[in-house]
1. Name the single residue that is nearest to Leu80 (Cα to Cα) among those in segment 243-258 being open to solvent by less than 10 Å² (accessible area, probe 1.4 Å) and assigned to a loop (DSSP other than H, G, I, E, B).
2. Based on what the data block shows, is Asp335 at pLDDT below 95, among the charged types (D, E, K, R) and out of contact with any strand residue (DSSP E or B) (no Cβ under 8 Å at 6 or more places or on another chain)?
3. Quick one: would you say Ala182 is crowded, with 24+ Cβ neighbours inside 10 Å, of a type in the set (A, V, I, L, M, F, W, C) and part of a loop (DSSP other than H, G, I, E, B)?
4. If a residue has to be outside any helix (DSSP H, G or I), among the aliphatic types (A, V, I, L, M) and out of contact with any Ser or Thr (no Cβ under 6 Å at 6 or more places or on another chain) to count, how many in segment 69-111 make the cut?
5. Which residues, taken from segment 323-347, are of a type in the set (A, V, I, L, M, F, W, C) and either open to solvent by 60 Å² or more (accessible area, probe 1.4 Å) or more than 23 Å from Leu266 (Cα to Cα) (or both)?
6. Where the second residue is assigned to a helix (DSSP H, G or I) and the first is acidic (Asp, Glu) and lies in segment 90-112, which pairs have Cβ atoms under 9 Å and are six or more apart or on separate chains?
7. Could you give every pair whose Cβ atoms fall below 7 Å, whose first residue belongs to segment 163-184 and is of a type in the set (D, E, K, R), and whose second residue is open to solvent by less than 20 Å² (accessible area, probe 1.4 Å), counting only separations of at least 6 or pairs across chains?
Amino acid sequence: MRVGLLSYPMLFQREGGLQVQLRATLDALVQAGVQAELVDPHRHRLDEYDVIHVFSAINGNYRIVETAAEMGVPVVLSALVPPAWDRSSGACARFADRLAGRLTAWNVQTSYAQTKRALQLAQRVIALGTAERTAIVAAFRTDPHKIRVLPNGVDRRFFEADSGLFRRHTGIGGPFVLMAGAISPYKNQLALAQALGSAGINVVLAGCAQPQHRDYLRQLLDCPNVHWLGALAHDNPLLASAYAAAAALALPSQGEVFPLVVLEALAAGTPAVMTRASALQLPDSGFALRQLRADDMPAWRAALDGFINCPPERAAVSALVEQFTWRRVAQQLTDCYAGLLAEVSENSPVLQAERRAV
């Protein structure tokens, strides 16, 4: 079984959760013995593969799914649909798409329509959690029978992280709140940093700011309680050490699909407070994970202050995500690919004709 993984062409020009997910998935598949590789569309045709696995339903990736469908290649789509989508927003988006089409003689198509087409053409759709699955069905009218719920994994180095490297590198000795990831108004770091500053709580940022968000970063750095580590590569040992050193991780963004930074912090034994608009659901995790409205800063400050003054036992925090391994992801994806290929073979015209002949 030869599996080709790909996403939009500019994916690896920056770093983020999707890049980490794709690389980690590929490495885990290869270690599991699957003949998997990144597709170079300039050198390889999609029909050289038995299965195409597309990551993300946006950024024009519907054209990849369309092309694979035209070639008769089965497609698995990791959709990455924000859980904020629901039946009402889906109806509004369909109305807007029809309106745009009529106003432009159907020469303009909305991103909603492109995402919906990718979801419709893919034979298997991967959702990272039940909330994402619900959004895919309710907002995009996707057949629920082809959706598989398969969360991401966590690299083992985060379970083994310790705070020593961070303390030596930064000289920060007291408790602090870590915010890891891209720095932007959507991630909402400034509102929380200001709220924590009034309570005397230090904040450490780890992440990059795109040029259009440099003013936002400057506003953050003007806060006396904020320290910036800069952009850290995902495999930089300082990042894992920062997770272990933090009193808590905060992710106050307007929405997340399935945030790896939260899983990684929990793996390091660090509690987290994150946005409620997410597909992440961990049973019996209230002692170490709080999910709040992004605009409720008093609740954020209270939750983080609680973790600083009464931290949960680190081993118990790590145990919450012990089952999230990339090895498990590889095994479940392998089963998904094999099941899809068996289904395609079962429904092939040649096999159907042979059955009729018998």
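The values are calculated or read from the model by the stated rules, or taken from the named source; none is laboratory data. Here the structure is a predicted model, which is why all the values come from computation and not from measurement. Backbone-built Cβ (ideal geometry, glycine too); neighbour counts: all protein chains shown. These area figures cover heavy atoms from the full protein model, side chains too; ligands, DNA and RNA do not enter into them. Shrake-Rupley method; radii C 1.70, N 1.55, O 1.52, S 1.80 Å.
1. The qualifying residue nearest to Leu80 (Cα to Cα) is Ser253.
2. no
3. When the stated conditions are applied, Ala182 does not pass them.
4. 9
5. Answer for segment 323-347, where residues must be of a type in the set (A, V, I, L, M, F, W, C) and either open to solvent by 60 Å² or more (accessible area, probe 1.4 Å) or more than 23 Å from Leu266 (Cα to Cα) (or both): Leu333, Cys336, Ala338, Leu340, Leu341, Ala342, Val344.
6. Asp97/Tyr112; Asp97/Ala113; Asp97/Lys116
7. Close Cβ pairs (under 7 Å, with a partner that is open to solvent by less than 20 Å² (accessible area, probe 1.4 Å)) amount to Arg167/Ala245.
Residue-by-condition table, conditions (1) closer than 24 Å to Phe258 by Cα; (2) among the charged types (D, E, K, R); (3) open to solvent by 60 Å² or more (accessible area, probe 1.4 Å):
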site: Thr25; (1), (2), (3): yes, no, no
site: His42; (1), (2), (3): no, no, yes
site: Tyr49; (1), (2), (3): no, no, no
site: Asn59; (1), (2), (3): yes, no, yes
site: Val76; (1), (2), (3): yes, no, no
site: Ser88; (1), (2), (3): yes, no, yes
